[in-house]
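Asker: Would you mind keeping the following structure in view while I ask a few things?
The values are calculated or read from the model by the stated rules, or taken from the named source; none is laboratory data. All figures in this text were calculated on a predicted structure; none of them were measured in a lab. Cβ atoms come from the backbone with ideal geometry, glycine included; neighbour counts cover every protein chain shown. Calculation scope for accessible area: heavy atoms of the full protein, side chains included, ligands and nucleic acids excluded. Shrake-Rupley method; radii C 1.70, N 1.55, O 1.52, S 1.80 Å.
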Amino acid sequence: RHPGWPVRLGPLAVPAGVVELRPPRLFDASTWSRIRIRERSHLENWEPTAPGSWEERNGVLAWPSQWSALRGLARRGQTLPFMILVDGVLAGQVTVGNVLRGSLRSAWVGYWVDSEVTGGGVATAATALVVDHCFRNAALHRIEATVRPENTPSVRVLTKLGFREEGLFRRYLDVAGGWRDHICFALTAEEVTDGLVDRLVAAGRAQRA
Ligand code: ACO
């Protein structure tokens, strides 16, 4: 079994509500699909290019294969996939991916949040919870996040959490139909001995619920 999985994280109260993270479940299909179809214009610009229409990729029938792929990767220790709940209702996902062990002990983090609850600290809380978990319980040393320079809200999430800007990756990821430049942000474990959740609480941005 790989360290730090499966697990539930939170609760953490932010202006949008009480944030909790749990592993994906097969029965998330209808709620996940309803949000993803409704949120197309909010999400499409920022997500990897993939074959098939948005409706095909985000319909109820698309979830079982995504869920089982995530579950398989999580069991093998390559991914830590979480559903974000706000006041008990599914409102997004935060994923720690490409977990590399050995002398790298590194991974990336990525997230999306339902636009009905954006601007209220949800992505920041979710990322703080997973980063603390990765450093304390999943034996990781470095967490990276790459973001398009145009994605102001996501850049803000990372800078609020104290992620360090490391550089600009040119034509780095195939996103929304083209090779897009991305800013690389990162944190290593030594930089967060206090914990990102503690920092949010100290800054008055979150409260332990
Ligand atoms: N200009 C300036 N700041 C903005 C703007 C804007 N247009 N829009 C939002 N913000 C600020 C908010 O005010 C807030 O900062 P504050 O707390 O200082 O007020 C911050 O951006 C957002 O922080 P949260 O509220 O914690 O984040 P939220 O729950 O709203 O989720 C997210 C942010 C995930 C980027 C959401 O907008 C989303 O799902 N976007 C579409 C998908 C996406 O872009 N995912 C990220 C891809 S990159 C990656 O995963 C590393």
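Asker: Which residue is farthest from the ligand (Cβ to nearest atom), if the candidates are limited to the range 177-209 and must be part of a loop (DSSP other than H, G, I, E, B) and open to solvent by less than 20 Å² (accessible area, probe 1.4 Å)? Before the answer, list the steps.
Answerer: The initial filter retains those residues of the range 177-209 that are part of a loop (DSSP other than H, G, I, E, B), namely 177, 193-195, 203-206, 209.
Subset that is open to solvent by less than 20 Å² (accessible area, probe 1.4 Å): 195, 206.
On the way: Gly195: 17, Ala206: 10 Å.
So the residue we want is Gly195.
Asker: OK, next. Could you give me the residue pairs with C-beta distances under 6 Å whose first residue belongs to the range 121-143 and is at positive phi, whose second residue is more than 10 Å from the ligand (Cβ to nearest atom) and at pLDDT below 95 wherever it lies, and which are 6+ apart or on separate chains?
Answerer: Cβ pairs passing all conditions: Ala139/Pro3.
Asker: Which is in contact (Cβ under 8 Å) with a residue 12 or more places away in the chain, in contact with a Pro (Cβ under 8 Å, 6 or more places away or on another chain), away from the ligand (no atom under 14 Å from the Cβ) and open to solvent by 30 Å² or more (accessible area, probe 1.4 Å), of Arg105, Arg75, Arg71, Arg101?
Answerer: Working: Arg105 fails: in contact with a Pro (Cβ under 8 Å, 6 or more places away or on another chain); Arg75 fails: in contact with a Pro (Cβ under 8 Å, 6 or more places away or on another chain); Arg101 fails: in contact with a Pro (Cβ under 8 Å, 6 or more places away or on another chain).
Selected residue: Arg71, the only one of Arg105, Arg75, Arg71, Arg101 that is in contact (Cβ under 8 Å) with a residue 12 or more places away in the chain, in contact with a Pro (Cβ under 8 Å, 6 or more places away or on another chain), away from the ligand (no atom under 14 Å from the Cβ) and open to solvent by 30 Å² or more (accessible area, probe 1.4 Å).
Asker: Do you know which residues across the range 33-59 are more than 14 Å from the ligand (Cβ to nearest atom) and among the hydrophobic types (A, V, I, L, M, F, W, C)?
Answerer: Within the range 33-59, Ile37, Ala50 qualify.
Asker: Only one of Gly110, Gly162 is more than 10 Å from the ligand (Cβ to nearest atom), small (Gly, Ala, Ser) and either touching an Asp or Glu at 6+ places or on another chain (Cβ under 7 Å) or not in a helix (DSSP H, G or I) (or both). Can you tell me which? Lay out the reasoning, then the answer.
Answerer: Working: Gly110 fails: more than 10 Å from the ligand (Cβ to nearest atom).
None of the others qualify; the one that does is Gly162.
Asker: Say whether the condition of being near the ligand (Cβ under 9 Å from one of its atoms), buried (at least 16 other Cβ atoms within 10 Å of the Cβ) and assigned to a strand (DSSP E or B) is met by at least one residue in the range 113-128.
Answerer: The answer is yes, given that some residue of the range 113-128 is near the ligand (Cβ under 9 Å from one of its atoms), buried (at least 16 other Cβ atoms within 10 Å of the Cβ) and assigned to a strand (DSSP E or B).
Asker: Output the residues belonging to the range 141-154 that are hydrophobic (A, V, I, L, M, F, W, C) and either open to solvent by 10 Å² or more (accessible area, probe 1.4 Å) or within 10 Å of the ligand (Cβ to nearest atom) (or both).
Answerer: Ala145, Val147
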